[in-house]
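The values are calculated or read from the model by the stated rules, or taken from the named source; none is laboratory data. These figures come from a predicted structure and were not determined experimentally. Note that we place each Cβ from the backbone using ideal geometry, even for glycine, and neighbour counts take in every protein chain shown. What goes into the accessible areas is simple: the full protein's heavy atoms, side chains included, and nothing from ligands, DNA or RNA. Shrake-Rupley method; radii C 1.70, N 1.55, O 1.52, S 1.80 Å.
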Amino acid sequence: MMRSSPAMGAHFFQVHELVGYIRELLTGDPILSDVWVTGEISELTQSAAGHVYFTVRDASTRISSVMWRSQVRRQSLPLLPGFQALVHGSIDIYDQRSTYQLIADVVLPGDAGRLRAQFEALRLRLEEEGLFAPERKRPLPRIPQRIGIVTSESGAVIHDMMRVWERRYCNLEIVLAPSVVQGEDAPRQVVSALRRLNDFHATRAPLDLIIVARGGGSPEELAAFNDERIARAIFGSPVPIISAIGHEVDYTIADFVADLRAPTPSAAAEIVVPAAEDLCREIDHMTDRIRSAVRRQLDESWNDVRDVQHRLERHSPSRAIDAERRAVDDLVARATRAIHAELASARTNVEGAAAQLAALSPELTMRRGYAVCTRVVDGVVLTSPAGVGLGDLVGIRLASGQLIGEVLERNEPKAAGARKETHARE
């Protein structure tokens, strides 16, 4: 902040204000905010917090430098005094001493060259933007059906990959978007090829993944895949992308942005599909597991059914009815036996009574010559002559048949005053 004072001139500052003004000038300069410096590292120290302080110098001048702990952790090259280095960073001011310093984020060997310097600068910038974030990496399909390829149609890469797929998994559809893979026009063509594959994915048939592939070569030949345009095209692709550039030791910006890096194109071809024999073994294993699971489930279900059936049988109405039916049958049997016993006893009693009646029956007496007399008029059995008068009709029941007679004489038992009466018929 600048204050004006009529007495002291137009530009009046306090110390911290002047330092702040200088910082704004330094940090606002596009060159000083993204600068490469080559020189010898000296006076190197490391603080307890992990920050590294050093000086970059040449034959006549020097500049104080610092690399913060977060950048030191990402530094693959050791920082040693006397080391000729190429240092990238930005110029800032150290407030307490009012001295400017280089805030370093990358230190490379002094002979790394322009390509390596550009590579590291772009890598740092894209990493800060989140293009390399692990959480945005998408998983690859287990068994893809359709794969897009970006590579040269005349190179050996596509033929090597096709041989791998013919050997491992032949049920695969390949959509090739040809592109040159080195030279100045390579970034534009690779971006165009990715755009065509994404259009194919959106309008014609879905792609499971895309492979960007190129064979080995020198750093200059692989430099096309360090282009920011390719990095952003990979980042913006709706289809997962595998980067298979160069050999295992080669790394490009495309490798960092891609969802998966393969060490070689042939390795990428093997990674994306399983071997047919492995699939067959896996299917057999899964079939056995499913069969065992189904058999186990059936056994458990059958045990449950038997258990429920037993419980139902214990509580079944038919079981209670059967029990009651057996009780009724038992009662019927007991009643039948009781009735038969009663009938037998009654039959015995009847037979005894019949024998007694037979013994006392008049018929037996009459068979010996006796008869039963009754008055005809009323059927009263006569036991003495007093029961009839002369001329009355009497019925005489014989052992066989019956007679009707008239009383002509009546002889009463001899006793005092007994008399004999006769009746003469006209």
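What to note about this one:
- When His51, His88, His340 are compared by accessible area of protein heavy atoms, the largest-first order is His340, His51, His88, using a 1.4 Å probe.
- Since only His340, Ser70, His159 are under comparison, the one whose Cα sits farthest along the positive direction of the charge dipole of the chain, derived from C-beta charges on Lys, Arg, Asp and Glu, is His340.
- Convex hull volume per residue for region 89-228, taking Cα atoms only, in Å³: 163 Å³
- Cα centroid of region 86-104 to Cα centroid of region 201-237, whole Å: 37 Å
- Take the chain with all the other protein chains still there, run a 1.4 Å probe, and you get 63 Å² of accessible area per residue.
- Region 120-158: trypsin sites (Lys or Arg not before Pro) in DSSP loop, at most 11 other beta carbons within 10 Å: Arg142
- For region 304-344, dividing the convex hull volume of the Cα atoms by the residue count gives 42 Å³ per residue.
- Average Cα contact separation per residue, the chain, under 8 Å, 6 or more apart, as relative contact order %: 8 percent
- In loop segments of region 191-250 as defined by DSSP, the GluC sites (Glu not before Pro) with at most 11 further C-beta atoms inside 10 Å of their C-beta are Glu248.
- FRET E, pair Ala205, Trp36, Förster distance 41 Å, beta-carbon r, rounded to 0.05: 0.30
- Evaluated at q = 0.09, 0.11, 0.14 Å⁻¹: base-10 log I(q)/I(0), Debye formula over Cα of the chain: -0.85, -1.02, -1.24
- Looking at the chain alone, DSSP beta bridges between its own residues are antiparallel in about 70 percent of cases.
- On the beta carbon distance between Asp29 and Asp278, with R0 = 45 Å, the FRET formula returns roughly 0.15.
- Ordering Val37, Ser60, Leu18 by the projection of their Cα atoms onto the charge dipole of region 12-68, which places +1 on the Cβ of Lys and Arg and -1 on the Cβ of Asp and Glu, puts Ser60 at the extreme positive end.
- Gained length - Leu18 relative to Leu393, 0.36 nm times residue gap less alpha-carbon distance: 117.1 nm
- Projected label points at Glu153 and Ala133, each 7 Å from Cα along the beta carbon direction, are separated by 3.8 nanometres.
- Mean Cα-pair separation over length for region 211-366, i.e. relative contact order, pairs under 8 Å, 6 or more apart, %: 15 percent
- Subtracting the Cα-Cα distance of Gln309 and Asp95 from 0.36 nm times their residue separation leaves 68.1 nm of extension gain.
- Coordinate range of the alpha-carbon atoms in region 205-249 per principal axis, descending: 36, 20, 16 Å.
- Dividing the Cα radius of gyration of region 49-131 by 2.2 N^0.38 Å, with N the residue count, gives 1.12.
- Two-site label geometry, Arg368 and His285: point separation in nm, points 7 Å out along Cα→Cβ: 11.9 nm
- Built amide H within the under 5 Å cut-off of Leu176, gap 5+: Ile149
- Amide H contacts of Arg62 (H built 1.01 Å from N, under 5 Å, at least 5 apart or other chain): none
- Rounded percent of accessible protein surface that carbon and sulfur make up, region 273-426, 1.4 Å probe: 56 percent
- Projected area averaged over orientations for region 203-290, convex hull of C-alpha atoms, nm²: 7.9 nm²
- Region 341-394: relative contact order in percent, alpha carbon pairs under 8 Å with at least 6 residues between: 21 percent
- Cα centroid separation - region 6-71 against region 260-304, whole Å: 61 Å
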